[in-house]
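Student: Mind looking over this structure? Questions follow.
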Amino acid sequence: MKKKLVFAIIGIFSISLLSAQEKAIMEINYETKMISDSLNRDKVNIFNTTLLFNNTHSIYCSKEAKAYYKGIPTQTITTSAGPIAKYPKTTESIYKNNEIITASLPVGKYAFTFEEPLLKWEILNETKEIKGYKCRLAKTITDTGQTFFAWFTSDISIPEGPFRFKGLSGVVLEVYNKNRTIEIYATDVKKSEDIIEPLKYYNEVKAKTKAQFLEARKNFQENPSMYNGNIKVVDANGNDRTKFMVDRIKSINTFLD
């Protein structure tokens, strides 16, 4: 009798959890192009991300990061100890719960999680069509002083968009910064019923403020071993690439925050 009662309670609890989960109504896939070092514009990093959203909730991240942190990586690499999960090309995520936008951005091997301030937008006069949707142009200056432009469509009248670019009267399908070192383009718009949930990071640091994250990132860039430990980086041939990686980290002057 006790066992039946326990199983009944577990069943009710599981059903409650499922019913409490937020389901998406749409999915938008994006391609991001970033020039990490503005003095070397020939080097462009390209990665893909996905936005799942409904009227009140959303999650923005790469599918590879989502699978990796769920323990079901899409790719593995071969080592002498056997196959291991391949680290995602990009690990950041943005989770929105009503008006609260929570960013999780990398600093070395850690993910710093903090609340993003809401953006204030200025609607401009320009219009164009993207993926069959009529779009208008908007402009914002972020809390870190960056100027961004966003093309949004009121045809999908939900205040969503990639990364933290939300709060307009429709979904953002394209966004770029003033000097075009960051460009994000929608590649696919479709319906979805996937679950909206935040990523569960292995090495999460919950920052009290965004300023704490910015300070940590600045310290990491000046001294990469601070948040990576004394990690030695080698290539496939066993050659030491640690100095190359340190120099590359120090050369980064473009940030999506």
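None of the figures in this text is laboratory data; all of them are computed from the coordinates on show. Since the model is a prediction, treat every value here as computed from it, not as a measurement. Quick reminder, even Gly has a Cβ in these numbers, built from the backbone with ideal geometry, and neighbours come from all protein chains shown.
Student: Give, in nm to one decimal, the length gained when the segment between Leu137 and Asn48 is fully stretched (0.36 nm per residue of separation minus the Cα-Cα distance).
Tutor: This chain segment gains 29.8 nm when fully extended.
Student: Which value in nm describes the separation of the simple spin-label points at Gln21 and Asp257, placed 7 Å from the Cα toward the beta carbon?
Tutor: Once both label points are built, they end up 3.4 nm from each other.
Student: If packing is taken as the average number of other Cβ atoms within 10 Å across a peptide's residues, how do 129-136, 52-59 rank, most packed first?
Tutor: Top to bottom by mean Cβ count within 10 Å: 52-59, 129-136.
Student: Calculated FRET efficiency, Tyr87 and Lys190, Cβ-Cβ r, R0 30 Å, to nearest 0.05?
Tutor: 0.60
Student: Starting with the highest mean, order 97-110, 167-180 by the number of other Cβ atoms within 10 Å, averaged over the residues of each peptide.
Tutor: 167-180, 97-110
Student: What length, rounded to one decimal in nm, is gained on full extension from Glu183 through to Asn29, with 0.36 nm per residue of separation minus their alpha-carbon distance? Intermediate values should be presented prior to the final figure.
Tutor: Details: separation 154, 0.36 × 154 = 55.44 nm, distance 1.38 nm.
Using 0.36 nm per residue and subtracting the Cα-Cα distance, I get 54.1 nm.
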